[in-house]
1. Would you mind calculating the relative contact order of the chain from Cα pairs under 8 angstrom and at least 6 residues apart, reporting the percent as a whole number?
2. So how do Phe102, Phe45 rank on accessible area, 1.4 Å probe, biggest first, that is with the largest at the start?
3. Relative to the longest principal axis of the C-alpha atoms of the chain, give the angle of the C-alpha long axis of helix 101-110, reported between 0 and 90° and rounded to the nearest 10°.
4. State, as an integer percentage, the relative contact order of segment 84-160 based on alpha-carbon contacts under 8 Å between residues 6 or more apart.
5. Measuring with a 1.4 Å probe in the full set of protein chains, what accessible area per residue, in whole Å², belongs to the chain?
6. Summing -39500 (n - 2.57) over the DSSP H runs of n ≥ 4 in the chain and dividing by its residue number, what mean residue ellipticity at 222 nm do you reach, to the nearest 500 deg cm²/dmol?
7. May I ask for the net charge around Ala86, where only other residues with Cβ less than 15 Å from the Cβ of Ala86 are counted and Lys, Arg are +1 while Asp, Glu are -1?
8. For the chain, take the longest principal axis of its alpha carbons; what is the angle in degrees between that and the long axis of helix 74-86, to the nearest 10 within 0 to 90?
Amino acid sequence: MRIISGDARGKIIDAPKGLDTRPVTDKIRQALFNVWQFQIPGSSFLDLFSGSGSMGLEAISRHAKHVVMVEKGKEAAKVIRSNLKACHFEGRDANVMEQDVFDAIRQLKRNKETFDLIYLDPPYTIDEIFHPVMEALGDATLLKPDGEVVIRTRKEKKMNDRYGDLVKYREKTWGISTAHFYRKAEDQAKETPQGNPEDASGENTAEKTSA
């Protein structure tokens, strides 16, 4: 794997060994950061189920201001810290939380942290975790105004249109994976008055795009 763009462009990064982590392919990472290209600079980015840290590292490289990467696997967390050093990001505002995602969410809420972008990439092998982790984020207290939550699933996985105060407004499919995009209900209402299912560009907010 490599960093695609920004300060560490082209830098090769390590991935943890074993089946507990599933690295995001360069193609999907590039596609997602193309969507976020104007949101990343100066943003706060939360990477849950971080694995190798490739998403958080890419965000740092593209000038995210504050990045938190959550990974409970001891070896994977060690790899993330090693990748931070390899990319010369030691002086950046980056925090690796080596703990369970649900515990981390509770701790971040207690600390009153908020983020512009929250990305989740739960392991496909633990199917029962997808809905509970979105429900844990459903009060939207970790999300800044106009922020968004994105969860990556296998393309066959059905995710709810709403989790508490989070409302899905878009889906994008690349290969075997689908990214589900959520906003705060109040932010979505600003862009879709009277429940209009189209966004400001006239596109359906639950669009599906295949590579």
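1. Relative contact order of the chain: 15 percent.
2. Phe102, Phe45
3. Here the helix axis deviates by roughly 70 degrees.
4. 36 percent
5. 49 Å²
6. Theoretical 222 nm ellipticity from helices: -7500 deg cm²/dmol.
7. Combined, the nearby Lys, Arg, Asp and Glu give +3.
8. That works out to roughly 80 degrees.
The values are calculated or read from the model by the stated rules, or taken from the named source; none is laboratory data. Source: prediction; values computed, not measured. Positions of Cβ are generated from backbone atoms using ideal geometry, with glycine treated the same way; all protein chains shown enter the neighbour counts. Heavy atoms of the whole protein, side chains included, go into the accessibility calculation; ligands, DNA and RNA do not. Shrake-Rupley method; radii C 1.70, N 1.55, O 1.52, S 1.80 Å.
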